[in-house]
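Notes to accompany the following structure.
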Amino acid sequence: MSCPLRIAQAFLLLSLLPQATLAAVSAEEAAKLGKELTRVGAIRAGNADGSIPEYTGESNFIEADKNITPEDLQKLRSERPGAVEEILGRATHAKLFSITKENLAKHADKLTAGHQAMFERHPDFRMDVYQSVRTAFYPEKTLEETVKNATRAKYTGEHVKDAVLGFPFPIPKLGEEVMWNHKLKFRGSSLRRINNEAVVQPDGNYQISKSITDIEFYYANLKGMPKGKENMIFAYAGETIEPPSVSGQRVLVLEMVDESAGGRVVYLYNEGIGLRRVPRAGYDTPLPASFGELFADQADMFNGALDRYNWKLVGRQEKYIAYNSYLLNSPKRKYDEIIQKGFANRDYARYELHRVWVVEATLKEGHNHQLKRRTFYVDEDSWSIAAVDCYDNQDALWRLQEAHLITLPFIPTVTGLPEVMYDLQSGRYFITGLYSEERMPDWTFEHSKSHFSQRSLTRKGMFRWSK
């Protein structure tokens, strides 16, 4: 066999290998972290015209903001609700301009396809754009381990290997790596919260569904990975409170790092049926509270296994995304004010220009999912998914997911509050993560070792708020 033929065959074999096995970050490339790149991998500098500023992170918050406790905020919500909006929104600025259907063409290149479609579906839709402020930041230990992960973490095609605590891939080479950064980001170590959500009909009518949920994060836990939990991302347990027709239903979710078995174990319990394992609880299984408007793997913008899609890393782009969304979370706002016909109240939704990683997901041949294609827009400063364009199996744009990102300096983390899924075909939308009328979540939540177990799920009083 000739040498050129051997070389050609070698390249053919390499092309057939999973792309993840070819991805690597050199020590030279990783050395950019903390310099021209932030330690999570964002470009530190602003853009050419200054509409995206240089990264400033935690310096946007005074020490009092970073040291305030959830208990302090809860007290302020009751006594001086306006103070909460002032404290958390200290870094924000005045509105620059509004995007409307009339001037849409001028700004279309900075909008997702889903946002452009909202103007067609709802002629009175509006996006108020504010001066961009890059407030996202994370704990020092998370940042230190992220830098180390750049040269040690690997994506095997089914799970992440050799990553510790921080973002596994601060300099991603694959679309899958971007998605794992979102899935494994630091969100606090544990959490108890009351979540409010609603399906909003085209005429604006809605009914609130309320649940209490407990979460313990295992991978991104500042206290360290608990023994025996090395293959787990988090455990989630919850009970439905309202409406009365489904009150008392409980769920236990164990989210795994290894995706070879679907990446998730789920149990349901209610007094009538008892405890049972749910054999298929991911992908496009409709979430009950959404009445079919949200699939299981759309919660938290995306979750669960990546194995049904091909993932393409398009690269960085500049997009208007919902950011520093303190107005929507102010205790001054009532749900009736936030939830409006067609879309969440435009007076409280605020947008900024940010760089995002764009990832395209296309359904693999031979696999099933009601979403054939998705385009993800992931904030470069926080690895939080800010928006998703979702296409049906006829390649028609079907849904827009939008996370109203907010930096919580006292954790610190970035999260979407609320998250909204707009059905561009039916005119309905689903909104979750409503907290303006609710008590603050408890990020100091402590529990027994057996709390996230099948047995605990059957115990009365498991979800009773003790404070």
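The values are calculated or read from the model by the stated rules, or taken from the named source; none is laboratory data. Since we're looking at a predicted model, the values are computed, not measured. Glycine gets a Cβ as well: all are built from the backbone with ideal geometry, and neighbour counts include every protein chain shown. SASA here: full protein model, heavy atoms, side chains in, ligands and nucleic acids out. Shrake-Rupley method; radii C 1.70, N 1.55, O 1.52, S 1.80 Å.
Using just the helices of the chain, give the 222 nm mean residue ellipticity in deg cm²/dmol: DSSP H runs with n ≥ 4 each add -39,500 (n - 2.57), and the total is spread over all residues, rounded to 500.
-4500 deg cm²/dmol
If Lys and Arg each add +1 and Asp and Glu each add -1, what is the summed charge of the other residues whose beta carbon sits under 14 Å from the beta carbon of TYR269?
+4
How do THR156, THR240 rank by accessible surface area computed with a 1.4 Å probe, from largest to smallest?
Per-residue accessible area, sorted high to low, gives THR156, THR240.
Please state the charge dipole magnitude for the chain, taken about the Cα centre, from unit charges on C-beta atoms (+1 on K and R, -1 on D and E), reported in debye and rounded to the nearest 20.
860
Along the Cα→Cβ direction, 7 angstrom out, place labels at GLU140 and ASN393. What is the inter-label distance in nm?
Each label point lies 7 Å from its Cα, and together they span 5.4 nm.
If you find the alpha carbon centre of the stretch 404-458 and of the stretch 76-144, how far apart are they in angstrom?
Answer, in whole Å: 19.
Rounded to the nearest 0.05, what FRET efficiency do SER59 and PHE97 give with R0 = 35 Å and r taken as the Cβ-Cβ distance? Could you check? Spell out each step's value before the answer.
Details: r = 26 Å, r/R0 = 0.76.
Efficiency at R0 = 35 Å is approximately 0.85.
How big is the dipole moment of the stretch 224-284 about its Cα centre under a simple scheme where the beta carbon of each Lys and Arg is +1, that of each Asp and Glu is -1, and everything else is neutral? Debye, nearest 20, please. Intermediate results must be reported in sequence, preceding the final value.
On the way: 7 positive and 8 negative charges, 43 e Å.
About 200 debye.
If you count only protein heavy atoms and use a 1.4 Å probe, how large is the accessible surface of GLU255, to the nearest 10 Å²?
Surface accessible to solvent at GLU255 totals approximately 10 Å².
With every protein chain kept in place and ligands, DNA and RNA left out, what is the accessible area per residue of the chain? Probe 1.4 Å, answer in Å². Intermediate values should be presented prior to the final figure.
Values: 20210 Å² over 467 residues.
On a per-residue basis, 43 Å².
How many percent of the accessible area of the chain is carbon or sulfur, using a 1.4 Å probe?
Summing carbon and sulfur atoms, their accessible area is 51 percent of the total for the chain.
Go through VAL200, ASN303, ASN345 and say which Cα lies farthest out towards the positive end of the charge dipole of the chain; charges sit on Cβ, +1 for Lys and Arg, -1 for Asp and Glu.
Positive-most Cα among the choices belongs to ASN303.
Cα gyration tensor of the stretch 75-178, axes a ≥ b ≥ c as square roots of the eigenvalues: rounded (a/c below 1.5), prolate (a/b > b/c) or oblate? Present the calculation step by step, with values, prior to reporting the outcome.
Details: a/c = 2.87, a/b = 1.38, b/c = 2.08.
Note, shape of the stretch 75-178 comes out oblate.
Can you classify the stretch 256-341 as rounded, prolate or oblate using the Cα gyration tensor, where a ≥ b ≥ c are the square roots of its eigenvalues, rounded means a/c under 1.5, and otherwise it's prolate if a/b beats b/c and oblate if not?
Oblate is the answer for the stretch 256-341, as a/c is 1.5 or above yet b/c matches or exceeds a/b.
Using 19 Å as the Cα-Cα cut-off, could you pick out the over-long pairs in LYS173/LYS312; LYS66/LYS183; LYS66/LYS229; LYS106/LYS319; LYS227/LYS449?
Pairs exceeding 19 Å: LYS66/LYS183; LYS66/LYS229.
Can you give me the Cα centroid spacing of the stretch 53-68 and the stretch 311-363 in angstrom?
21
Going from the alpha-carbon gyration tensor of the chain, what semi-axes, largest first and in whole Å, does one get by taking the root of 5 times each eigenvalue?
32, 28, 25
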